[in-house]
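These notes are about the structure you will find just below.
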Amino acid sequence: MNRAPLKRSRILHMALMGASDPLGEAEASKEKPFLLRALQITLVVSLYWATSISMVFLNKYLLDSPSLQLDTPIFVTFYQCLVTTLLCKSLSTLAALCPGAMDFPSLRLDLKVARSVLPLSVVFIGMITFNNLCLKYVGVAFYNVGRSLTTVFNVLLSYLLLKQTTSFYALLTCGIIIGGFWLGVDQEGAEGTLSWTGTLFGVLASLCVSLNAIYTKKVLPAVDGSIWRLTFYNNVNACVLFLPLLLLLGELQALRDFSQLGSAHFWGMMTLGGLFGFAIGYVTGLQIKFTSPLTHNVSGTAKACAQTVLAVLYYEETKSFLWWTSNMMVLGGSSAYTWVRGWEMKKIQEEPSPKEDEKSSMGV
């Protein structure tokens, strides 16, 4: 049976609310032995956690390490996009040379497609740049709280763009997230470690993450629905758009004056950061594939909790009870929102359609 194409409003709704297509999930689900499936899920979730947490700590080192003293956040982001672009092209070439060895779409630069992807690329640049700038100015422990408003922006944009109302319980969870965010800001200020600049970048990063989900769904048809093609064009566009920013912000001059510019260690860490940036998209897709979008959100929340604890231990920080309360409010509110949305989706799927009700009343 052919699946009907999704309407634009449905696509935007799915992107904003973190929902997936239930028909696609039903078709993709296959029975597997319990132990095999449990092992696969454990490995995939562990890989996602390790990649994501390592990437955050490595980026913090590159962006704000006293040993490096490199104040070029745009260049760090540009280099990571360049590494991702080269990796995508290399894997595409390898797949063409060895068709049986790996499965990767063929990639060639089409300027018409690049222009079609450009609106998403602008949002994508904002997302990764503001993420890195937030991480530069705030500690890793506060990083998740600083950019915790993505769910709130999802709800807000779903109303502004789609006129979709949100249930009371979902709004209540958003209120908990906002309360945790403000409490966290207050406690960072009380401890003398608050950066308003970093907090502002975190809020902007949250907004761009929400917008990125919307534009990704809209732009996918231009790349034949291929996430890898979209990744390639996104990063190619980003590399081009970053070049004038590097000139305007004087980062190329700062890079020329950098004492470790010829260091193999520095370039190795920079390249490793690019590899993690490339890998996070792949392992995120793997986690969603082997679990579900909702389970992915829960895993991401738990990972954020573990990352915060590791950051406090690694940097030997001492946090107050209210500071930890703010983190628990943000993480608890995010988990509760995921649970509420899953419960509402399940309830909608279980409700009979009006036509089915009519048939039942007629005894058909």
Subject >> the stretch 54-68, subset farther than 13 Å from Leu135 by Cβ and in contact (Cβ under 8 Å) with a residue 60 or more places away in the chain, residue surrounded by the fewest Cβ atoms within 10 Å (Cβ to Cβ) >> reply: Ser54
Original post:
Which of the residues belonging to the stretch 273-316 are part of a helix (DSSP H, G or I) and more than 19 Å from the chain's Cα centre (by Cα)?
Top reply: Val309, Leu310, Ala311, Val312, Leu313, Tyr314
Original post:
Within the stretch 262-280, can you find the residues that are closer than 30 Å to Gly300 by Cβ and among the aliphatic types (A, V, I, L, M)?
Top reply: Met269, Met270, Leu272, Leu275, Ala279, Ile280
**OP:** Collect the residues in the stretch 314-329 that are open to solvent by 80 Å² or more (accessible area, probe 1.4 Å) and among the aromatic types (Phe, Trp, Tyr), keeping them in residue-number order.
**Re:** Tyr314, Tyr315, Phe321
Original post:
Assuming Ser148 fulfils every condition listed in (1) closer than 30 Å to Phe78 by Cβ; (2) touching a Phe, Trp or Tyr at 6+ places or on another chain (Cβ under 7 Å); (3) in a helix (DSSP H, G or I); (4) small (Gly, Ala, Ser) apart from one, which condition is it?
Top reply: (3)
Original post:
Of all the residues that make up the stretch 259-272, how many are part of a helix (DSSP H, G or I) and open to solvent by 20 Å² or more (accessible area, probe 1.4 Å)?
Top reply: 7
Subject >> Every residue from the stretch 209-225 that is open to solvent by 20 Å² or more (accessible area, probe 1.4 Å) and of a type outside the set (Val, Ile, Thr) >> reply: Leu211, Asn212, Ala213, Tyr215, Lys217, Lys218, Leu220, Pro221, Ala222, Asp224, Gly225
Subject >> Count of residues meeting criterion [open to solvent by less than 40 Å² (accessible area, probe 1.4 Å), in contact (Cβ under 8 Å) with a residue 24 or more places away in the chain and closer than 22 Å to Asn212 by Cα] in the stretch 156-178 >> reply: 6
Original post:
Somewhere in the stretch 11-25, is a residue closer than 27 Å to Lys346 by Cα and modelled with pLDDT of 65 or more?
Top reply: no
Original post:
For the stretch 183-193, does any single residue satisfy the condition of being among the aliphatic types (A, V, I, L, M), open to solvent by 40 Å² or more (accessible area, probe 1.4 Å) and without any contact (Cβ under 8 Å) to a residue 24 or more places away in the chain?
Top reply: no
**OP:** Please tell me if Thr84 is of a type in the set (Val, Ile, Thr), under 30 Å from Val340 (Cα atoms) and either modelled with pLDDT under 90 or in contact with a helix residue (DSSP H, G or I) (Cβ under 6 Å, 6 or more places away or on another chain) (or both).
**Re:** no
Subject >> Residue, nearest to Thr150 (Cα to Cα), within the stretch 84-129, restricted to residues that are open to solvent by 50 Å² or more (accessible area, probe 1.4 Å) and touching a residue at least 12 places away in the same chain (Cβ under 8 Å) >> reply: Val122
Original post:
Going through the stretch 238-258 one residue at a time, which ones are closer than 20 Å to Lys60 by Cβ and open to solvent by 30 Å² or more (accessible area, probe 1.4 Å)?
Top reply: Ala254
**OP:** Give the residues of the stretch 189-227 that are of a type outside the set (Gly, Ala, Ser), under 23 Å from Ser106 (Cα atoms) and part of a loop (DSSP other than H, G, I, E, B), sorted by residue number.
**Re:** Asp224
Original post:
What are the pairs, 6+ residues apart or on separate chains, where a residue within the stretch 254-283 that is closer than 15 Å to Ser67 by Cβ has its Cβ under 6 Å from a residue that is in a helix (DSSP H, G or I) and at pLDDT 95 or above?
Top reply: Met270/Tyr79
Original post:
Within the bounds of the stretch 153-174, is there any residue that is modelled with pLDDT under 90, assigned to a helix (DSSP H, G or I), over 22 Å from the mean Cα position of the chain (by Cα) and of a type in the set (Gly, Ala, Ser)?
Top reply: no
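The values are calculated or read from the model by the stated rules, or taken from the named source; none is laboratory data. Just so it is clear, the structure is predicted and the values come from calculations on it, not from any experiment. As a convention, Cβ positions derive from the backbone with ideal geometry for all residues, glycine included, and neighbour counts pool all protein chains shown. Protein only, heavy atoms only, side chains kept; ligands, DNA and RNA dropped before computing areas. Shrake-Rupley method; radii C 1.70, N 1.55, O 1.52, S 1.80 Å.
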